[in-house]
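First up is the structure itself, then whatever we jot down about it.
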Amino acid sequence: MTLRTTGIVIAAALAAGLGLIAAQKVFLDRAPAATETVVMYPQPRPLPDFNLRQSDGTSLVPGELKGHWTLVFIGFLSCPDVCPTTLADLARAQQQWTTIPESLRPRVLFVSIDPDRDPPARVGEYAHAFHKDTLAATADVPELERFATALGFVFQKVPGKHFDENPNDYSMDHSAGIAVLDPEGRLAGLIRPPFQPQAIAADFTRLTQASTP
């Protein structure tokens with residue numbers, strides 16, 4: 001190898017190294033804040049179009065979930081334990097976000113996957129009993145299935161012993177995690193139970209601060 005060739009190789013290696021360092025710096029500058037309870041995905045995933053019915057009768061579409069970090073939980077009003085416990089945990093986290101400006105404050109969205117028994121207005125009454133700022137919505141089953149699948153969630157109806165005589169005798173099995181949407185409305189992470197309200201509150205305070213220009 002000639003001296004000139006050696007110099008070219010060294011220069012190329014140096015340039016590649018500097019490029020790698022620059023790329024790492026850009027990545028680190030843009031990386032989300034460290035989280036204690038949220039498992040962040042390597043890359044946020046855009047959600048497909050959806051159209052849910054909010055408790056006030058208006059539509060909830062993807063664009064309305066932009067501008068805030070959003071925590072999404074699916075459940076149903078007749079749920080005996082997981083749903084009320086989770087909404088109570090989230091309400092405790094929400095109480096710690098009052099110092100964050102409302103225009104940036106993280107939001108909680110509860111979606112009922114039991115539209116036959118849970119009309120939008122009742123879903124709203126249920127969710128607001130835990131915290132007044134919680135968004136509440138539902139939809140028909142096909143739309144709910146598309147929305148849940150996009151979040152990585154599943155649900156299904158489980159008939160009870162007297163389902164043949166009473167069509168309301170059933171329960172709902174569903175995913176118990178909390179999906180995390182970033183301020184672009186993309187699926188960015190997951191919170192798995194058991195939930196820690198203080199850690200959730202701290203995580204989203206840091207995430208909000210890190211994503212604020």
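Screening Glu64 with (1) part of a strand (DSSP E or B); (2) under 17 Å from Leu187 (Cβ atoms); (3) open to solvent by 20 Å² or more (accessible area, probe 1.4 Å) gives one miss only, at (1). Farther than 25 Å from Leu104 by Cβ, at pLDDT 95 or above and under 17 Å from the mean Cα position of the chain (by Cα) - does that describe any residue in segment 157-174? There is at least one residue in segment 157-174 that is farther than 25 Å from Leu104 by Cβ, at pLDDT 95 or above and under 17 Å from the mean Cα position of the chain (by Cα). Are any of the residues in segment 119-132 touching a residue at least 40 places away in the same chain (Cβ under 8 Å) and within 19 Å of Glu184 (Cα to Cα)? No - not one qualifying residue is present in segment 119-132.
Taking segment 69-106 as the range and being in a loop (DSSP other than H, G, I, E, B), in contact (Cβ under 8 Å) with a residue 24 or more places away in the chain and open to solvent by 30 Å² or more (accessible area, probe 1.4 Å) as the test, the residues that pass are Ser78, Ser103, Leu104, Arg105.
Is it fair to say Val180 is under 15 Å from Thr86 (Cβ atoms), among the hydrophobic types (A, V, I, L, M, F, W, C), at pLDDT 95 or above and out of contact with any Cys (no Cβ under 9 Å at 6 or more places or on another chain)? When the stated conditions are applied, Val180 passes them.
When Phe50 is tested against (1) assigned to a loop (DSSP other than H, G, I, E, B); (2) touching a strand residue (DSSP E or B) at 6+ places or on another chain (Cβ under 6 Å), just one condition goes unmet, and that condition is (2).
Screening Phe110 against (1) in contact with a Cys (Cβ under 9 Å, 6 or more places away or on another chain); (2) at pLDDT below 95; (3) not polar (S, T, N, Q) leaves a single unmet condition, (2). For segment 141-156, which positions are over 16 Å from Pro62 (Cα atoms) and either under 15 Å from the mean Cα position of the chain (by Cα) or aliphatic (A, V, I, L, M) (or both)? Correct list: Val141, Gly152, Phe153, Val154. Starting from segment 158-187, keep only residues that are under 23 Å from Arg117 (Cα atoms), then list their pairs with residues that are of a type in the set (Asp, Glu) and buried (at least 17 other Cβ atoms within 10 Å of the Cβ) whose Cβ atoms are within a distance under 6 Å, requiring at least 6 positions of separation or different chains. Between residues of segment 158-187 that are under 23 Å from Arg117 (Cα atoms) and residues that are of a type in the set (Asp, Glu) and buried (at least 17 other Cβ atoms within 10 Å of the Cβ), the close pairs are Met172/Asp114.
The values are calculated or read from the model by the stated rules, or taken from the named source; none is laboratory data. This one's a predicted model, so the numbers in the text were calculated from it and none came from an experiment. So basically every Cβ, Gly included, is an ideal-geometry build from the backbone, and we count neighbours across all protein chains shown. SASA here: full protein model, heavy atoms, side chains in, ligands and nucleic acids out. Shrake-Rupley method; radii C 1.70, N 1.55, O 1.52, S 1.80 Å.
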